[in-house]
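Visitor: Let me give you the structure first, and then I'll get to my questions.
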Amino acid sequence: MRIAIVDESAARAAIIQEGLAGLDDCETTVITERRGLIAQIAAFEPDIVLMDLGNPSRDVLEEYFTVSKALAKPIAMFVDESDEESIAASVDAGVSAYVVDGFSKHRIKPLLDLAVRRFNAFSRLETDLAEARGQLADRANIDKAKRLLMNSRGLSEPEAYKELRSTAMRSSKRIADVAEALLIAEELLGGNR
Amino acid sequence: MSERLKIGFLPLVDAALPILAKEHGFAAEQGLDLEFVRDLSWATVLDRLLYGHTDAAHMIAPLAIATTLGIGRPARQMSVPFVLGLNGNAITVSNDLAERIQPEGGLGQAAPVGARLAETIATLGRKPVFGVVHRHSSHNYMLRYWLAACGIKPDRDIDIVTIAPPFAADALESGEIDGICVGEPWNSVAVERGVGRIVLTTAQIWRRGVEKVLAVPTAKLEERRGAFERLIIAMRKAGEHFVDPANWNVNARILSRPEYVGADPALILHAISDRLRLEKGGELVHFPDFMFQYREAANFPWVSQAAWLYAQMVRWDAPHFDPAAAKRAMGVFRPDVYRAALTGRDAPLPGASSKVEGGIAAPTGVGAQQGRLVMSPDNFFDGKTFDPERLEDYLASLP
């Protein structure tokens, strides 16, 4: 079977493609560009098109499938009523599937399930990455706030950290938040940063 | 305890009423906590609505009808208890084409611009390509209505393709399309980039054309009827706020925010004040009914509007007129819910739920169940009228 993956996120498309590579008898292509989308899909002649829900070209793609109903292999959105659950799961994950007319249904479900798992895995990766970025930013703020206390109040580094920590505990805030508040206050008061 | 409603929308100025209902506290006054889900395609707005990510959506009216009729996917019954506004779209064409069809500049008139477009097509040596936002959109139906009435056969003389609104300017610039019928701010974005000129507004094709609606799956509407009636009250207040010139600036700034429309507040201000810059560097042109809101029960879901949309669907899309389908299509618009929400409040409610569209030639007082209602001219540019009771005759009379 031939699967086209349409996704403006090249990273996510790569993760899905890698997941599908394990399937037997499966040829995939990835399309990330809006321009020439329809021509690329037409040239590939897919049995299945997977597209991310956030893709602004979805209406364009659906229009193409509607118009191409006159063609030999019409494609329609996969909305098998007998499998509402896996459709709902795919919408939750953020992927829509379009399937060539006549493609056997029992082959679609495992494929869609796989795509959903891969989409979800990518979302988790993104969340982890955002968290890691947040942690890095937190650490940088804490370091800056420590230096500020060391310079302005002549504290040692451990003393400065202790000061931040006890303030955080008293006001039930995170140390990083106290550090950020201190930096903002310093900026408002015209500190020379 | 406030009740949460999630509302899906596309970044367009006519998503204004639910957004302003939240931002100005009208929803909170009604015990509602509105949350918004911004998407970039109607297909995704619809998917989220059907699979429960959202409770209601800003939607192109014909898509709610197509979904109910099961066109393109299994049928799901939708309800429209509130029209989010009338018109607000324009036709923008490439500078080259504008030179041929509206050479004197300024806003054209539908009939002469159409006539010059017909002459241009005859000499162009290729089919011009026009973009619309979706097959099931008022943009598509208004454009086709105008073309057909000017002797141009859509599909034979002209290609109509789908373009996502944010890419309208790109597509004009690259020559992918020669013109587009789209909502604001996307016409103005193309003008500011100098890639096209606004030659007509859709209000010049049909003075009171139904545009976006609030769509709700019928099962969800029944289940949470009280919350939706309170949402109608809040959106009506937002409409009153929206049309007051004193609020235009603040509303333009709210709508311009990245989580909403995400566009230049100056351009959004043009649309909500009915003033458009038609070409780059040109003066603002005032067209009073460009985006018609609030007044004259503009948000009332007239059953005859649903019938007109169904007629266009049959005309351009569906194979045959089917009285049962017509009935289901007309049942999508829910004046009963609108009335129930606003009975006993300061809002005019018409006596009838259906009218002859295009039938008002001069300001006319109409029978009202509540309040006083005077309706202004609502004509189609070709002078035709649409009587929902005589749908088949109407279809037979069209070019």
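Visitor: From the list A:ILE108, A:ILE75, A:ILE41, pick out the single residue that is aliphatic (A, V, I, L, M), within 25 Å of B:VAL132 (Cβ to Cβ) and either outside the structural domain of A:LEU20 (by TED's automatic domain parsing) or modelled with pLDDT under 85 (or both). First the steps, then the outcome.
Guide: Numbers: A:ILE108 fails: within 25 Å of B:VAL132 (Cβ to Cβ); A:ILE41 fails: either outside the structural domain of A:LEU20 (by TED's automatic domain parsing) or modelled with pLDDT under 85 (or both).
Selected residue: A:ILE75, the only one of A:ILE108, A:ILE75, A:ILE41 that is aliphatic (A, V, I, L, M), within 25 Å of B:VAL132 (Cβ to Cβ) and either outside the structural domain of A:LEU20 (by TED's automatic domain parsing) or modelled with pLDDT under 85 (or both).
Visitor: Give me the pairs, please: first residue somewhere in the range A:138-167 and part of a loop (DSSP other than H, G, I, E, B), second residue anywhere and modelled with pLDDT of 90 or more, beta-carbon distance under 8 Å, and either six or more positions apart or on two chains.
Guide: Partner pairs satisfying both residue conditions: A:LEU155/A:LEU149; A:LEU155/A:GLU163; A:SER156/A:MET150.
Visitor: Let me ask something else about it. Consider B:ARG144 carefully, then state whether it is outside any strand (DSSP E or B), of a type outside the set (Phe, Trp, Tyr) and over 21 Å from A:ASN55 (Cβ atoms). Give the derivation first.
Guide: Details: outside any strand (DSSP E or B): yes; of a type outside the set (Phe, Trp, Tyr): yes; over 21 Å from A:ASN55 (Cβ atoms): yes.
Yes, satisfied.
Visitor: Being β-branched (Val, Ile, Thr) and over 17 Å from the mean Cα position of the chain (by Cα) narrows it down to one residue among A:VAL60, A:VAL91, A:VAL30; which is it?
Guide: Values: A:VAL91 fails: over 17 Å from the mean Cα position of the chain (by Cα); A:VAL30 fails: over 17 Å from the mean Cα position of the chain (by Cα).
Testing whether each residue is β-branched (Val, Ile, Thr) and over 17 Å from the mean Cα position of the chain (by Cα) leaves just A:VAL60.
Visitor: Which of the residues belonging to the range B:172-201 are surrounded by fewer than 24 Cβ atoms within 10 Å (Cβ to Cβ) and of a type outside the set (Val, Ile, Thr)?
Guide: B:GLU173, B:SER174, B:GLY175, B:GLU176, B:GLU192, B:ARG193, B:GLY194
Visitor: Can you pull out every residue in the range B:330-360 that is within 12 Å of B:ILE232 (Cα to Cα), buried (at least 17 other Cβ atoms within 10 Å of the Cβ) and hydrophobic (A, V, I, L, M, F, W, C)?
Guide: Answer for the range B:330-360, where residues must be within 12 Å of B:ILE232 (Cα to Cα), buried (at least 17 other Cβ atoms within 10 Å of the Cβ) and hydrophobic (A, V, I, L, M, F, W, C): B:VAL337, B:ALA341, B:LEU342, B:ALA347.
Visitor: Out of (1) closer than 20 Å to B:GLY183 by Cβ; (2) under 19 Å from the mean Cα position of the chain (by Cα); (3) hydroxyl-bearing (Ser, Thr, Tyr), what's the single condition that is false for B:SER79?
Guide: Tallying (1) closer than 20 Å to B:GLY183 by Cβ; (2) under 19 Å from the mean Cα position of the chain (by Cα); (3) hydroxyl-bearing (Ser, Thr, Tyr), B:SER79 fails exactly one: (1).
Visitor: With the requirement that a residue be exposed (fewer than 14 other Cβ atoms within 10 Å of the Cβ), basic (Lys, Arg) and farther than 30 Å from A:ASP25 by Cα, what does the range A:111-161 give you?
Guide: A:ARG133, A:ARG139, A:ARG147, A:ARG153
Visitor: Further, regarding this structure: Where the second residue is among the polar types (S, T, N, Q) and the first is closer than 24 Å to B:THR201 by Cβ and lies in the range B:114-127, which pairs have Cβ atoms under 9 Å and are six or more apart or on separate chains?
Guide: B:ARG116/B:GLN102
Visitor: Turning to a different aspect of this structure: What residue, among those in the range B:74-94 that are under 17 Å from B:THR202 (Cβ atoms) and small (Gly, Ala, Ser), is surrounded by the most Cβ atoms within 10 Å (Cβ to Cβ)? First the steps, then the outcome.
Guide: Narrowing the range B:74-94 to residues under 17 Å from B:THR202 (Cβ atoms): B:83-93.
With small (Gly, Ala, Ser) added as a condition, the list becomes B:85, B:88, B:90.
On the way: B:GLY85: 23, B:GLY88: 27, B:ALA90: 30.
Filtering first and then ranking leaves B:ALA90.
Visitor: Could I ask something else about it? If B:ILE19 meets every condition in (1) in a helix (DSSP H, G or I); (2) within 12 Å of chain A (Cβ to nearest Cβ) apart from one, which number is that one?
Guide: Only one criterion in (1) in a helix (DSSP H, G or I); (2) within 12 Å of chain A (Cβ to nearest Cβ) is unmet by B:ILE19, namely (2).
Visitor: Filter the range A:35-57 down to the residues that are within 18 Å of the chain's Cα centre (by Cα) and not hydroxyl-bearing (Ser, Thr, Tyr), then identify the one that is surrounded by the most Cβ atoms within 10 Å (Cβ to Cβ). Can you show your working first?
Guide: Of the residues in the range A:35-57, the ones within 18 Å of the chain's Cα centre (by Cα) are A:50-57.
Those left that are additionally not hydroxyl-bearing (Ser, Thr, Tyr): A:50-56.
Working: A:LEU50: 29, A:MET51: 27, A:ASP52: 21, A:LEU53: 22, A:GLY54: 16, A:ASN55: 26, A:PRO56: 18.
Filtering first and then ranking leaves A:LEU50.
Visitor: Can A:GLU18 be described as surrounded by 15 or more Cβ atoms within 10 Å (Cβ to Cβ), charged (D, E, K, R) and assigned by TED's automatic domain parsing to the domain that holds A:ALA115? Even if it seems obvious, please write down each step before you answer.
Guide: Numbers: surrounded by 15 or more Cβ atoms within 10 Å (Cβ to Cβ): no; charged (D, E, K, R): yes; assigned by TED's automatic domain parsing to the domain that holds A:ALA115: yes.
In short, no.
Visitor: Residue check: is B:VAL37 at pLDDT 95 or above, assigned by TED's automatic domain parsing to the domain that holds B:ALA219 and within 23 Å of A:TYR98 (Cα to Cα)? Don't jump to the end; show me each part of the working.
Guide: Details: at pLDDT 95 or above: yes; assigned by TED's automatic domain parsing to the domain that holds B:ALA219: yes; within 23 Å of A:TYR98 (Cα to Cα): no.
So B:VAL37 does not fit the description; no.
Visitor: Can I ask one more? List pairs: first residue in the range A:106-125 and under 16 Å from A:MET51 (Cβ atoms), second residue modelled with pLDDT under 85 and aromatic (Phe, Trp, Tyr) anywhere in the structure, Cβ distance under 6 angstrom, at least six positions apart or on different chains.
Guide: Going by the 6 Å Cβ cut-off, there are no qualifying pairs.
Visitor: Search the range A:19-67 for residues being free of Cβ contacts under 8 Å to residues at least 12 places away in the same chain and assigned to a loop (DSSP other than H, G, I, E, B), and hand back the single one that is farthest from the other protein chains (Cβ to nearest Cβ).
Guide: This residue is A:ASP24.
Visitor: Further question on the same structure: Scan the range B:303-353 for residues that are more than 20 Å from the chain's Cα centre (by Cα) and aliphatic (A, V, I, L, M) and jot them down. Reasoning before the result, please.
Guide: Here is the first cut: in the range B:303-353, the residues more than 20 Å from the chain's Cα centre (by Cα) are B:318-328, B:336-337, B:339-352.
Across the range B:303-353, the qualifying residues are B:ALA318, B:ALA324, B:ALA325, B:ALA326, B:VAL337, B:ALA340, B:ALA341, B:LEU342, B:ALA347, B:LEU349, B:ALA352.
Visitor: For B:ARG135, which of the numbered conditions (1) buried (at least 17 other Cβ atoms within 10 Å of the Cβ); (2) more than 22 Å from B:GLY72 (Cβ to Cβ); (3) of a type in the set (D, E, K, R) fails to hold?
Guide: Here B:ARG135 clears every test but (2).
Visitor: Here is a follow-up. Suppose we keep only residues that are touching a Leu at 6+ places or on another chain (Cβ under 8 Å) and assigned to a helix (DSSP H, G or I) within the range A:90-109. Which one would you say is surrounded by the most Cβ atoms within 10 Å (Cβ to Cβ)?
Guide: Initially, the range A:90-109 is screened for residues touching a Leu at 6+ places or on another chain (Cβ under 8 Å), giving A:90-91, A:94-98.
With assigned to a helix (DSSP H, G or I) added as a condition, the list becomes A:90-91.
Values: A:SER90: 23, A:VAL91: 19.
Filtering first and then ranking leaves A:SER90.
Visitor: Okay, next question. Picking from B:ILE71, B:ILE60, which residue would you name as being surrounded by fewer than 24 Cβ atoms within 10 Å (Cβ to Cβ) and in contact (Cβ under 8 Å) with a residue 60 or more places away in the chain? Full working, then the answer.
Guide: On the way: B:ILE60 fails: surrounded by fewer than 24 Cβ atoms within 10 Å (Cβ to Cβ).
Result of the check over B:ILE71, B:ILE60: B:ILE71.
Visitor: Pull up the range B:153-169, narrow it to residues that are in a loop (DSSP other than H, G, I, E, B), within 11 Å of chain A (Cβ to nearest Cβ) and in contact (Cβ under 8 Å) with a residue 24 or more places away in the chain, then point me to the one that is surrounded by the fewest Cβ atoms within 10 Å (Cβ to Cβ). Reasoning before the result, please.
Guide: The first filter runs over the range B:153-169 and keeps only residues in a loop (DSSP other than H, G, I, E, B), leaving B:153, B:155-157, B:163-164.
So of that shortlist, the ones also within 11 Å of chain A (Cβ to nearest Cβ) come out as B:155, B:163-164.
Next, only the ones that are in contact (Cβ under 8 Å) with a residue 24 or more places away in the chain stay: B:163-164.
Working: B:ILE163: 27, B:ALA164: 24.
Among those residues, the one meeting the criterion is B:ALA164.
Residue-by-condition table, conditions (1) modelled with pLDDT of 95 or more; (2) among the acidic types (Asp, Glu); (3) under 28 Å from B:ASP387 (Cα atoms); (4) touching a Lys or Arg at 6+ places or on another chain (Cβ under 8 Å):
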site	(1), (2), (3), (4)
B:THR202	yes, no, yes, no
B:ILE205	yes, no, yes, no
B:MET235	yes, no, no, no
B:GLU240	yes, yes, no, no
B:ASP244	yes, yes, no, no
B:ILE268	yes, no, no, no
B:TYR294	yes, no, yes, yes
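Visitor: Can you name the helices (runs of 4 or more DSSP H) wholly within the range B:24-98 that have at least 1 residues being touching a Lys or Arg at 6+ places or on another chain (Cβ under 9 Å) and within 14 Å of chain A (Cβ to nearest Cβ)? Give the steps one after another, and end with the answer.
Guide: Details: elements: B:26-29, B:42-50, B:61-69.
Of the helices (runs of 4 or more DSSP H) lying wholly inside the range B:24-98, those with at least 1 residues that are touching a Lys or Arg at 6+ places or on another chain (Cβ under 9 Å) and within 14 Å of chain A (Cβ to nearest Cβ) span B:42-50, B:61-69.
The values are calculated or read from the model by the stated rules, or taken from the named source; none is laboratory data. Just so it is clear, the structure is predicted and the values come from calculations on it, not from any experiment. Because the Cβ atoms are built from the backbone with ideal geometry, glycine has one as well, and the counts that use them run over all protein chains shown.
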